[in-house]
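Notes to accompany the following structure.
The values are calculated or read from the model by the stated rules, or taken from the named source; none is laboratory data. Predicted model, so just to flag it, every value in this text is computed and none were measured. Heads up, the Cβs are rebuilt from the backbone with ideal geometry, glycines too, and the neighbour counts pull from every protein chain shown. Ligands, DNA and RNA are excluded from the accessible area calculation, which covers all protein heavy atoms including side chains. Shrake-Rupley method; radii C 1.70, N 1.55, O 1.52, S 1.80 Å.
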Amino acid sequence: MGQNLTIGDIAKLAGVSKTTVSRVLSGSDLVKEETKSHVQRVIDENNYEPNELARALSTKKTNTIGVVIDELANPYFIEVAKYIESILYKNDYLMLLCSSGWNTKRELHLTKALINRSVDGILLASTSNCSPTIDFLSSHATPFVLFNLFDNDDDYSYVCVDDFKGGYLAAEYFNKLKVNNYILLSGFECYSLVQRKNGFFAFLQEAGDTTPVKCYNSIKTYEEGYNVARRLIEENRLREERAAIFVLNDNVAMGMLDGLIKEGIKIPEQAAVIGFDDIEMSSKYRIALSSVAQPIEEMSKLATAELFRLINSSDGSPRKFLLEPKLVLRESSSIN
């Protein structure tokens, strides 16, 4: 029966106006507690469920948030989406999750599609601080918050870890090890990964560390990490010489670890490994993975709270959150 009722029907049954019913449904404080309880009892007794489309038209809100991430296969973004969805659910919001696949054109297309569906706001993990999607959103009325990316010169809210410092911390630790060379594995040349590499090389320069460094780019997935292992062994003489390997995300690092172990390389005796993100699996892996930790839950909460503020407040001034990374040392990196 509830599906066939309208606000007008509930108003007649309760003996109040449609405006009063709408206010009860929206949680307004303009209705007396006695009236609110009476209307709510009528709603419950008739199993009434409001028409969300009609509510959206009247309130100009859909209680829907669009989330655009880089890669669905990356466990880091799976964890981010999990935390965001949990927060949204508690606040009676739905999440529309999209993946750009590291493609700027696709990112812009998905963002426009979300706006056409009247989302109340957008959380965007963009591939670049120069992305056309950011320019588009900056000129549009829909509130948005950037996630996992920052730029102090731009007029928008963001939540990000200090990627530069994260790379710096990894190099600082490697500098203490007795190894013959350093190896860096990176994926797409996106803003955050570039910052991690820049931080790594900045420390080496400051410390006067002349240990040879070899970079491998476009290693984006667990499978590619696994498949590059043999090449790392051959090109860096890992069977004869010790190396320290910095992998710019944990998912690739775990693939590479499996590949090295299959080829008989001992971890960490022959190769010390540090990843980035500190996803849940890192501490539980077959060889517990050292990692530069991002406070994933805190970042997700901050980003969602900031988006809610922009949606519900007349103050649209941006706020910027740059969080500290932390180097978490585990079994994979303890060469003496």
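At a glance:
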item	result
Subset of segment 43-94 (residues that are closer than 18 Å to E107 by Cα, open to solvent by 50 Å² or more (accessible area, probe 1.4 Å) and at pLDDT 90 or above)	I78
Subset of segment 173-225 [touching a Gly at 6+ places or on another chain (Cβ under 6 Å) and small (G, A, S)]	G199, G225
Where V273 falls short, out of the listed (1) in contact with a helix residue (DSSP H, G or I) (Cβ under 7 Å, 6 or more places away or on another chain); (2) open to solvent by 10 Å² or more (accessible area, probe 1.4 Å)	(2)
Every residue from segment 206-222 that is modelled with pLDDT of 95 or more, polar (S, T, N, Q) and either within 16 Å of L169 (Cα to Cα) or open to solvent by less than 50 Å² (accessible area, probe 1.4 Å) (or both)	T211
L169 being modelled with pLDDT of 95 or more, over 17 Å from the mean Cα position of the chain (by Cα) and under 30 Å from S291 (Cα atoms)	yes
Criterion: under 19 Å from I84 (Cβ atoms) and either at pLDDT 90 or above or open to solvent by 30 Å² or more (accessible area, probe 1.4 Å) (or both) - qualifying residue of G199, G121	G121
Any hit, segment 193-201, residues being aromatic (F, W, Y) and closer than 17 Å to D163 by Cβ	yes
Unmet criterion (only one of (1) surrounded by fewer than 18 Cβ atoms within 10 Å (Cβ to Cβ); (2) out of contact with any strand residue (DSSP E or B) (no Cβ under 7 Å at 6 or more places or on another chain); (3) of a type outside the set (S, T, Y)) for N180	(2)
Selection within segment 222-235 - in a helix (DSSP H, G or I) and either more than 24 Å from the chain's Cα centre (by Cα) or farther than 24 Å from S128 by Cα (or both)	E223, Y226, N227, A229, R230, R231, L232, I233, E234, E235
Filter result for the condition that a residue is within 20 Å of P268 (Cα to Cα) and of a type in the set (K, R), over K165, K197, K220, K214	K214
Residue ID - most open to solvent (accessible area, probe 1.4 Å), chosen from residues in segment 150-170 that are more than 19 Å from I311 (Cα to Cα), of a type in the set (D, E, K, R) and part of a loop (DSSP other than H, G, I, E, B)	D153
Residues located in segment 223-270, provided they are surrounded by fewer than 23 Cβ atoms within 10 Å (Cβ to Cβ) and of a type in the set (F, W, Y)	Y226
Near pairs, Cβ below 7 angstrom, 6+ apart or cross-chain, from segment 256-273 (polar (S, T, N, Q)) to any residue that is crowded, with 17+ Cβ neighbours inside 10 Å	Q270/L238; Q270/R242
Positions within segment 169-181 being touching a residue at least 24 places away in the same chain (Cβ under 8 Å), more than 25 Å from E71 (Cβ to Cβ) and not polar (S, T, N, Q), in sequence order	A171, E172, Y173, F174, L177, K178, V179
Every residue from segment 182-221 that is touching a residue at least 40 places away in the same chain (Cβ under 8 Å) and part of a helix (DSSP H, G or I)	Y191, S192, L193, R196, K197, F200
Flag for L302 being modelled with pLDDT of 95 or more and buried (at least 16 other Cβ atoms within 10 Å of the Cβ)	yes
Every residue from segment 257-279 that is acidic (D, E), part of a loop (DSSP other than H, G, I, E, B) and out of contact with any strand residue (DSSP E or B) (no Cβ under 7 Å at 6 or more places or on another chain)	E263, E269
Test: residue in segment 280-291 that is in contact (Cβ under 8 Å) with a residue 12 or more places away in the chain, in a helix (DSSP H, G or I), in contact with a Lys or Arg (Cβ under 8 Å, 6 or more places away or on another chain) and over 24 Å from L193 (Cα atoms)	no
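One line per residue, one yes/no per condition, for (1) under 16 Å from I274 (Cβ atoms); (2) out of contact with any Leu (no Cβ under 8 Å at 6 or more places or on another chain):
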{"residue": "L177", "(1), (2)": "yes, yes"}
{"residue": "F201", "(1), (2)": "yes, yes"}
{"residue": "Q205", "(1), (2)": "no, yes"}
{"residue": "Y216", "(1), (2)": "yes, no"}
{"residue": "Y222", "(1), (2)": "no, yes"}
{"residue": "N227", "(1), (2)": "no, yes"}
{"residue": "I233", "(1), (2)": "no, no"}
{"residue": "R239", "(1), (2)": "no, yes"}
{"residue": "V247", "(1), (2)": "yes, no"}
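This table checks each residue for (1) in contact with a Lys or Arg (Cβ under 9 Å, 6 or more places away or on another chain); (2) farther than 18 Å from L146 by Cβ.
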site	(1), (2)
N63	yes, yes
V80	no, no
Y83	yes, no
I87	yes, no
S99	yes, no
